[in-house]
Every structure is written in structure tokens, then in C-alpha cells.
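The values are calculated or read from the model by the stated rules, or taken from the named source; none is laboratory data. Please read all numbers here as calculations on a predicted model, not as lab measurements. Please note: Cβ atoms are built from the backbone with ideal geometry, for glycine as well, and neighbour counts cover all protein chains shown.
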Amino acid sequence: MTTTDHEAVTIDTSDLDQWVGKSMGGGQLKEPITVNDIRRWVQGMQYPNPLHYDEERATLSPFGQIVAPQSFMVNCDIGHGSMPSVFGKIPGTHMIFGGDEWWFYGPRVFPGDQITIDRRHLDYRVAETRFAGPTVFGRGDSVHRNQRGDVISKQRSTSVRYLAAEARHRGFFGKAAPRPVWTADRLAALAEQRRAWIRSGRDGASPSWHEVEVGLSLPTCPIGPHTVQTFATEWRAFISVVWGATRDLWADFSGLDGGWLPEMSRDEEAAKEDPSLGDGMYAGASRGHVDANAAELIGLPRGYGYGASMGAWTLNYAAFWAGDRGWVRHSNVQYRFPPFEGDVSLLDGRVVDKRIDETLGAALAVIDFTMTNQDGAVLAQGVVEVELPT
């Protein structure tokens with residue numbers, strides 16, 4: 001039974017067990033991917049790799065045309081891959097991303113491909129957190145296929161579901177995340193650091209597996225300072241938020257009733273007349289990313305970044321270093337702390353191992369990945385395995 005008694009807070013998971021291990025339906029994109037879908041995605045994710053938006057550069061690549069980045073699979077799903085991890089009702093809760101694990105199987109995504117998703121709820125566990133007390137960590141799998149039935153990738157997402165009232169009471173992030181002050185000199189240094197990162201991989205050259213040494217540090221990639229404008233631009237990069245872009249195959253599936261706060265829920269019936277009421281950012285669970293009042297309602301001090309974007313930044317960072325002939329095979333990254341409005345996210349990696357994977361027939365570099373903010377707080381951390389040419 002859920003209660004807001006701060007001496008003994010509990011969370012009601014009685015509705016969750018019936019969904020464990022079950023396959024789900026869900027929304028699908030109606031139309032094939034377009035080249036501007038890809039361009040809009042890398043623009044929103046602040047990923048200036050010309051392979052994904054400049055036809056002249058892409059023509060000179062091994063692909064001969066603009067190709068989607070591996071992170072684009074986040075953009076092909078409804079709910080950014082989180083949907084199969086959050087089934088079942090927990091009254092009074094909100095959800096944020098807790099991490100993603102990805103496997104990539106080989107097929108690239110090109111303009112004209114039609115992507116479909118199969119989903120399954122995997123499991124959940126309850127753990128105590130400083131942020132909100134008893135918290136549910138749910139996991140779910142999304143498998144992505146093209147029109148030929150080829151499996152492109154699998155995403156295993158972790159959702160973090162918590163009692164909003166308890167998070168407000170504790171005020172954890174409000175104490176830990178003061179708004180930074182950016183002077184002109186600090187911004188200029190940040191811009192120079194970003195230019196250096198862009199120049200490090202803009203030509204698409206791939207490092208040789210034989211020449212890469214364990215201990216190598218990848219160039220730092222700064223993203224930010226984050227603003228309401230950048231958060232809104234990220235949201236608008238997602239195909240699924242475009243009016244009429246998806247086909248709803250959930251039918252009357254009751255597992256979608258998550259027990260969300262009324263203030264953070266969509267009005268699906270009203271959205272049939274005015275689609276903005278089902279948008280998610282104007283009205284719905286994503287309001288808190290761009291609306292300080294909504295953020296405070298769910299226990300956060302101000303606008304904050306998307307877990308989906310953090311996952312995309314991770315994949316883009318590794319792929320940029322790997323170059324045109326490289327390939328992210330697997331990643332497993334936990335999201336520990338959201339980037340808030342005014343923060344900068346700093347992406348870093350270090351090669352900690354090299355191996356030949358006999359099963360894949362691939363030469364892999366193992367990267368220890370971290371994402372921190374300007375104060376050194378760890379936002380995300382994990383391992384990314386990258387295939388390199390030999």
C-alpha cells in the first residue's frame with residue numbers, strides 16, 4: 001500500500017508481477033525513414049558528423065550515401081525504448097531513465113527503411129534510493145527490425161519509478177545541483193574544447209585495432225550548457241512526437257495505466273481534437289524537462305535532460321571515434337544523475353581492453369565510458385565495445 005508517511009514509506013508493486021516476461025504490442029512508425037529524419041536527429045542530438053547530414057561527404061564514405069547513426073534506433077521507438085520497462089500500475093509515481101544496454105547485429109539504417117519494434121517486459125526489482133526512498137527499477141527489451149526482417153539491434157532499458165511526493169519531500173537534487181554560472185571565458189574554453197573534439201573525427205578515419213593501445217584516452221566531448229531551447233530541440237528530433245507519425249497497436253492494453261500523476265499525464269481523448277494535448281512535452285510526462293514548475297512537482301529543481309538523449313550521446317561519442325569503418329557492437333551504461341538546465345555534459349572514454357571476439361569474428365576495443373557535469377558529478381558510466389578494422 002503506497003503511503004507518504006515519511007517514517008515508513010512503502011511502494012505498491014502488486015500490479016507488476018502479471019506483466020513480467022510478457023510480450024507487448026505498442027506503437028509503430030507509419031512511414032519509412034527519410035533523409036531529413038536522420039538530419040533532424042543528429043541536429044537535435046548535437047552530433048555534427050557530416051556522414052549523417054551532408055550528402056557530398058556521405059557519397060565519399062563506404063556507404064555512398066547518408067546513413068543513420070547507430071543511435072538513430074532510439075528515434076525509431078515510441079517512448080524512446082522505455083515502454084516495455086514500465087508496465088503495471090504504481091499509484092503516485094513518475095519515471096526517469098536508469099540506463100540502457102544495446103546490442104547491434106550489423107544492418108545499417110538508410111533512408112527508405114521501414115522499422116518495426118517487438119517489445120517484452122523483462123523484470124523489476126525494488127531498492128532504496130537517497131532520492132526517493134523505495135524505488136522500482138524495471139527492465140524491458142525492444143528488438144528493432146527492418147522491412148526485410150533483419151534484426152538491427154536490441155535495446156534493454158532500465159526505468160526508475162518513484163513516488164513523486166517522497167522525492168519532493170527529500171529534495172535530494174535541489175540540494176546537490178546548484179545552477180552554474182558561465183562566464184565568457186569559461187564558455188570560450190568550452191567552445192574550443194568542443195571544436196577540438198569535432199575536428200578529431202570529422203573526416204571519418206577509423207583507428208586500426210592493431211595500433212590502438214590499452215590506456216588510450218579519447219578526446220573529451222562537451223555538450224551544453226543545456227537550456228530549455230536545447231531540451232525542446234532534442235524532443236522535436238523524435239519522429240514519434242510528430243502528429244500522426246505513429247500507428248497505435250496497444251489497443252486497450254491495461255498495462256499502460258502506470259499510476260502516473262494526473263498533472264503529468266496526457267489527455268488522449270482531448271488529443272483527438274487537439275494533438276498538442278497528447279504531445280508529452282506540452283502536456284504529459286515530459287513537461288518537467290522544460291517546465292520548472294513541473295520539474296519541482298516530480299522532485300527535481302529545474303528543467304533536466306532526457307535519458308534517451310544521454311544514451312544517444314554515448315553511442316554517438318563511441319561511433320565518432322570509431323569512424324566510418326568502425327562499429328559499436330555492445331554498450332551497457334547506467335544513468336546516475338540527470339543533466340540539469342545550465343549544466344554541461346562532458347563525455348570521456350578510455351580504452352581498457354582489446355580482444356578478438358571469435359563468435360563475432362570481430363576485433364574489439366573496450367572503452368570505459370563516463371559522463372560528468374562541470375562539477376565532476378558522474379551522470380552516466382559504463383562500458384562500450386567497439387569493432388575496429390584490423
Mind listing just one residue for me: the one in the stretch 236-258 that is at pLDDT 80 or above and in contact with a Lys or Arg (Cβ under 7 Å, 6 or more places away or on another chain) and, of those, surrounded by the most Cβ atoms within 10 Å (Cβ to Cβ)?
-> Ala237
Selection count, the stretch 312-330, where residues are crowded, with 24+ Cβ neighbours inside 10 Å, more than 14 Å from Gln46 (Cβ to Cβ) and of a type outside the set (A, V, I, L, M) = 1
Checked pairs for the stretch 319-335, first closer than 19 Å to Trp103 by Cβ, second in a helix (DSSP H, G or I) and among the hydroxyl-bearing types (Ser, Thr, Tyr), C-beta under 7 Å and 6 or more apart or across chains, list as Ser331/Thr314; Val333/Thr314
Return a yes/no flag: does the stretch 280-289 have any residue that is free of Cβ contacts under 8 Å to residues at least 12 places away in the same chain, over 25 Å from Pro338 (Cα atoms) and part of a loop (DSSP other than H, G, I, E, B).
-> no
For the stretch 207-215, indicate whether the set of residues that are at pLDDT 95 or above, farther than 25 Å from Phe337 by Cα and of a type in the set (Ser, Thr, Tyr) is non-empty.
-> yes
Mind counting the residues in the stretch 99-111 that are surrounded by fewer than 21 Cβ atoms within 10 Å (Cβ to Cβ) and in a strand (DSSP E or B)?
-> 2
Take the residues of the stretch 183-236 that are among the basic types (Lys, Arg) and within 26 Å of the chain's Cα centre (by Cα): which is nearest to Thr372 (Cα to Cα)?
-> Arg194
For the stretch 318-368, how many residues are assigned to a strand (DSSP E or B), of a type in the set (Gly, Ala, Ser) and closer than 30 Å to Phe137 by Cβ?
-> 4
Taking the stretch 112-151 as the region of interest, how many residues are among the hydrophobic types (A, V, I, L, M, F, W, C), surrounded by fewer than 21 Cβ atoms within 10 Å (Cβ to Cβ) and not in a loop (DSSP other than H, G, I, E, B)?
-> 6
